[in-house]
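The structure under discussion appears below in the form of structure tokens.
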Amino acid sequence: CFAVKSEELKSALASLKKEFRKEIKSGQVHIDINLNQSVLAVVGDGMRGIPGIAGRLFSVIGNNSVNITAIAQGGSERNISFTIDSKNKIKALNIVHNEFFNNGQKNIFLIGTGNIGGELLDQIQNLAKFHSVNLKVCGIINAFHMLMDEKGINLGGWRRKLEKGEEPNLEKWLSLAKSLPLDNKILVDCTASESVAKKYLEIAGAGFNIVTPNKKFNTFSMKEYRRLREVMAQKKKKFLYETNVGAALPVISTLQDLLKTGDKITKIEGIFSGTLSYIFSALGGSASGGNSFSEVVAEAKKLGYTEPDPREDLGGQDVGRKLLVLAREIGLDMEFKNVEIENLVPKALQRVKAPEEFLKKLPKYDNQFKKILEKAKSKNKVLRYVAKLERGKASASLQEVSMDNPLATTKDADNIFAFYTKRYNKRPLVVQGPGAGREVTAGGVLADILRI
């Protein structure tokens, strides 16, 4: 293999055909031509005598879906040259520069700037002030505006800048993100949108890593669930969703570590909703200050504990999705319809369209919840929304819990995840802590980004 300038191709080809006339005729020699190629050379004294440079170079090129058509290395070990399609030359140059000079800079494209997304941008900005991190936010989009900048968006006053951005168009925004000649792209979905989650396969196919607290994709069909992981493996990219289950609590990673080391999960039980944990611990204690059920729900929403529509939490849908995520993590072929969920939303309010209208009408049902609470108190018990995964079955329901049960001790938005396994069979492995709130959830998303 050798490279020649395009304008010299005709002359070079004529010379080769003349020189190897007999061999070409007898079939011993074939001449193949790759047009529209570019040569990229990596040069430096730091390459000499250091093992792994070539492997590191070609791995990062291959992991970003750039095909190499020829390779040459000088005997001095100070130079590695390779040819690639010219359409990929800027992308490849940026990839190599990022790998060797930017210490693996991460290029972030964020969808959603609500409670979690907005807090995440603030945390990235604050992190950059005190630590040397290579995070560059190149794109932001929400329901009102969008921004895109290959060189990175200065996060100082990002809200004001976003308000001056273009009208939002997700298709256009994603197309721009795909076209930028950058490597190590990370799509961060901080919405609760099903339509955005449906874009994950397309985004993964374009070579993005994906980080998200959005549980929707992981509760799609098993076919889609497996397909995304296949695409990610092919592209050598990561799909990280630690915050799908316990905000910043290490639930998914703990479960994965147990399975990787050969342990077997027999039961998972606990309080999986920070929102419902807050609501029922507040109702059962002095924290409610005598407030009604509807007032406590409104307060939970104000604190950022609920989904945009609180019925996602009260309906048990959020807990159900978390159960399904955990069920699939341990290898169960389970669909969302197989999860038994008790819906706490009064039937008449399930049909209300707007979340605001639901909150306005909820006080009509305060007495109903007051009776349930008083019944539990008369037995010296508390109300807790308990999730359980055991023997291939998943369920979530409101239960009366004895005061000596660890689930009765939860405060504020605490979650408890109790893992019963082959090793932890007498006493479970327990993960407990805040399971909701924009600060902790955004921190968990940021931790996933830093793992890439």
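General remarks:
- Mean-position separation - Cα centroids, the stretch 1-37 and the stretch 413-428, in angstrom: 68
- Computed from the C-alpha gyration tensor, the three semi-axes of the ellipsoid equivalent to the stretch 248-354 are 30, 18, 11 Å, from longest to shortest.
- Separation between Cα centres of the stretch 276-344 and the stretch 150-192, rounded to whole Å: 31
- The simple spin-label model puts a point 7 Å past each Cα toward its Cβ; for Asp366 and Lys223 those points are separated by 4.9 nm.
- Using alpha-carbon coordinates, inclination of helix 222-235 to the longest axis of the chain, degrees: 40
- The long axis of helix 366-378 is offset from the longest Cα principal axis of the chain by roughly 70 degrees.
- Taking the protein heavy atoms of the chain in the context of the full set of protein chains, the accessible area attributed to carbon and sulfur is 49 percent at 1.4 Å.
- Taking the C-alpha atoms only, the angle from helix 274-283 to the longest principal axis of the chain is near 20 degrees.
- Listed residues Ile33, Val296, Gly207: farthest to the positive end of the dipole of the chain (Cβ charges): Ile33
- Sorting 187-193, 341-347, 324-330 by average packing, meaning the other beta carbons within 10 Å per residue, from highest down gives 187-193, 324-330, 341-347.
- Among the listed pairs Lys379/Lys422; Lys260/Lys388; Lys129/Lys237; Lys91/Lys238, those whose Cα-Cα separation exceeds 31 Å are Lys379/Lys422.
- Take the chain with all the other protein chains still there, run a 1.4 Å probe, and you get 52 Å² of accessible area per residue.
- Cα gyration tensor, the stretch 84-209 - rounded (a/c under 1.5), prolate or oblate: oblate
- When each of the peptides 226-238, 140-152, 15-27 is scored by the mean number of other C-beta atoms lying within 10 Å of its residues, the order from highest to lowest reads 140-152, 226-238, 15-27.
- Relative contact order, percent, the chain [alpha-carbon distance under 8 Å, six or more residues apart]: 15
- If R0 is 22 Å, the Cβ-Cβ spacing of Ala233 and Asn338 corresponds to a FRET efficiency of close to 0.25.
The values are calculated or read from the model by the stated rules, or taken from the named source; none is laboratory data. These numbers were taken from a predicted model, which means no experiment stands behind them. Ideal geometry is used to build each Cβ from the backbone, glycine not excepted, and the neighbour counts take in all protein chains shown. Note: areas computed on protein heavy atoms with side chains; ligands, DNA, RNA excluded. Shrake-Rupley method; radii C 1.70, N 1.55, O 1.52, S 1.80 Å.
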